[in-house]
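What follows is a short report on a single structure.
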Ligand SMILES: NC(=O)c1ccc[n+]([C@@H]2O[C@H](COP(=O)([O-])OP(=O)(O)OC[C@H]3O[C@@H](n4cnc5c(N)ncnc54)[C@H](O)[C@@H]3O)[C@@H](O)[C@H]2O)c1
């Protein structure tokens with residue numbers, strides 16, 4: 001699969017490296033509005049810089065990976081899909097429900113496929129939790145409770161703080177990882193409530209803290225807490241089932257998720273596994289998953305429909 005990466009800041013470079021590392025992908029070219037960022041990435045990654053228009057018209061490029069600030073995702077997604085290209089777009093793929101609906105409509109008739117990024121699904125501990133759930137180790141999943149955060153320093157005074165560009169604060173930045181995982185483990189949520197606040201960062205247009213609670217049609221629940229000021233971030237969640245529980249403890253941002261603990265009523269013992277020795281590889285695993293989904297016409301996940309449901313959960317919190 002031949003990729004162009006658009007947006008070569010912190011995450012564009014990570015995604016482009018993963019594309020370079022994949023046996024199934026070619027990094028054909030790069031584009032960034034900032035020439036310096038584009039040229040530096042081109043030198044480091046060994047791929048040429050092309051203009052936005054050249055990328056859209058180039059028929060040898062069948063896939064666009066979008067890593068710009070959130071405000072620009074919608075236009076690049078629509079332009080790329082309209083040119084028949086596949087799209088892999090960073091989270092949160094849009095800023096609000098309206099944008100998500102518009103994109104969903106276009107994907108219904110597009111030749112190209114849209115998959116949304118959710119690299120936390122590819123942390124070792126999260127993949128192991130999915131395996132345990134699929135094997136029935138904890139019975140039917142009843143609830144998901146998650147917490148995510150980092151210290152927020154990297155984002156200080158950046159576009160992440162500007163509502164028009166980001167669409168929101170910590171909720172869209174890291175909260176959306178938990179929202180995606182809660183849907184993955186529990187299912188679709190039909191109602192929710194929440195609270196946002198600014199406990200640490202001041203003179204900022206968006207929230208630095210958010211909490212949400214959600215309910216499925218059959219009364220199962222999820223709660224999430226996300227923050228731009230957790231000094232010992234990064235990522236915890238617990239899944240409770242009819243027969244047991246799973247705890248993922250990813251405290252040190254290793255992308256392995258560090259540790260997982262689980263127990264069930266049959267074995268009456270707490271099991272654990274430590275993944276902290278595994279080198280972070282979620283970006284490579286995710287890009288290969290995307291390529292395999294497109295090539296083998298498998299179900300896309302997270303899809304534009306999933307993205308819309310996540311945006312609705314975000315709206316439940318903002319409108320509370
Ligand atoms: N998966 C994750 O865990 C994760 C973590 C952080 C950020 N992200 C997402 O990645 C995206 C980029 O975030 P970042 O931290 O890399 O931001 P960044 O500010 O470091 O980089 C953004 C880059 O996009 C370029 N750019 C801006 N507008 C553009 C446009 N219209 N066309 C082309 N290039 C443009 C900028 O010049 C810059 O080089 C965001 O959507 C963000 O939410 C994902």
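The values are calculated or read from the model by the stated rules, or taken from the named source; none is laboratory data. Every value quoted in this text rests on a predicted model; they were computed, and no experiment measured them. Positions of Cβ are generated from backbone atoms using ideal geometry, with glycine treated the same way; all protein chains shown enter the neighbour counts.
Pairing each residue of the stretch 51-73 that is without any contact (Cβ under 8 Å) to a residue 60 or more places away in the chain with any residue that is more than 10 Å from the ligand (Cβ to nearest atom) and assigned to a strand (DSSP E or B), provided the two are 6+ apart or on different chains, yields C-beta distances under 6 Å for 55/4; 60/2; 61/2; 61/4; 61/28. Of the residues making up the stretch 27-51, those that are part of a helix (DSSP H, G or I) and under 24 Å from the mean Cα position of the chain (by Cα) are 37, 38, 41, 45. Residues in the stretch 5-17 that are buried (at least 22 other Cβ atoms within 10 Å of the Cβ) and at negative phi: 5, 6, 8, 12, 15, 16.
Please verify whether residue 276 is within 22 Å of residue 125 (Cα to Cα) and at pLDDT 95 or above, treating the condition exactly as stated.
Numbers: within 22 Å of residue 125 (Cα to Cα): yes; at pLDDT 95 or above: no.
Here the answer is no, as residue 276 does not meet what is asked.
When the stretch 77-92 is filtered for residues that are part of a loop (DSSP other than H, G, I, E, B), near the ligand (Cβ under 10 Å from one of its atoms) and buried (at least 23 other Cβ atoms within 10 Å of the Cβ), the ones remaining, listed by number, are 91, 92.
Candidates are the residues of the stretch 59-76 that are near the ligand (Cβ under 6 Å from one of its atoms) and not in a helix (DSSP H, G or I); the one that is nearest to the chain's Cα centre (by Cα) is 67. Comparison of 208, 218 shows that the only residue that is without any contact (Cβ under 8 Å) to a residue 60 or more places away in the chain, more than 18 Å from the chain's Cα centre (by Cα) and surrounded by fewer than 19 Cβ atoms within 10 Å (Cβ to Cβ) is 218.
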